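Q: Quick one: the structure is below, and I'll ask about it shortly.
The values are calculated or read from the model by the stated rules, or taken from the named source; none is laboratory data. What you see is a predicted model, and the numbers here were worked out from it, not measured in a lab. Glycine gets a Cβ as well: all are built from the backbone with ideal geometry, and neighbour counts include every protein chain shown.
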């Protein structure tokens, strides 16, 4: 069993569809404010290992919005919490610049604090007016390149096949499968 440390059931359900042996572990861990997602993950894993044994998976997501010079990056959770979906969309729309964005997920897998393996997935797209009822976070305002619907309009399987988190967890799955051989 691998513990996915998250308080977000939606993230867990998406990841579990890719790696069925995941189990959710809800820990209230200190989240440092840092621009490097690897440092955020490393800090959380070390904190988790103080009270629980691994293996663990922790993710950190970010979104780089071109009109905002790459902001908010890994500060996405707080940015969205402050502005809301409509606020983010309106801010990007008002800039009259590029509405392009890169959504990324960095995940860390560790069996001990001295060996953290990182996997990253990214998807390019754009910020659009909120659409769709599924998903969470930025899903209603993020439309991946080459698609005419937001993540919030996709099924979990559709989203997992091309999303930032889906790509990162597929890489982790490949790694885990290679260890089992």
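Q: Only one of 168, 152, 122 is surrounded by fewer than 17 Cβ atoms within 10 Å (Cβ to Cβ) and modelled with pLDDT of 90 or more; which?
A: Result of the check over 168, 152, 122: 122.
Q: Out of all the residues in segment 77-90, is one or more surrounded by 13 or more Cβ atoms within 10 Å (Cβ to Cβ) and closer than 30 Å to residue 175 by Cα?
A: Yes, segment 77-90 has at least one match.
Q: Tally time: how many residues in segment 18-67 are more than 26 Å from residue 124 (Cβ to Cβ), touching a residue at least 24 places away in the same chain (Cβ under 8 Å) and assigned to a strand (DSSP E or B)?
A: Total meeting the criteria: 3.
Q: Is segment 68-90 home to any residue that is outside any helix (DSSP H, G or I) and in contact (Cβ under 8 Å) with a residue 60 or more places away in the chain?
A: For segment 68-90, residues outside any helix (DSSP H, G or I) and in contact (Cβ under 8 Å) with a residue 60 or more places away in the chain: absent.
Q: Do you know which of the residues in segment 91-133 that are assigned to a helix (DSSP H, G or I) and either in contact (Cβ under 8 Å) with a residue 60 or more places away in the chain or out of contact with any helix residue (DSSP H, G or I) (no Cβ under 8 Å at 6 or more places or on another chain) (or both) is nearest to residue 54 (Cα to Cα)?
A: Once the filter is applied, the top-ranked residue is 93.
Q: For segment 26-45: of the residues being closer than 12 Å to residue 58 by Cα and in contact with a helix residue (DSSP H, G or I) (Cβ under 8 Å, 6 or more places away or on another chain), which is modelled with the highest pLDDT?
A: 27
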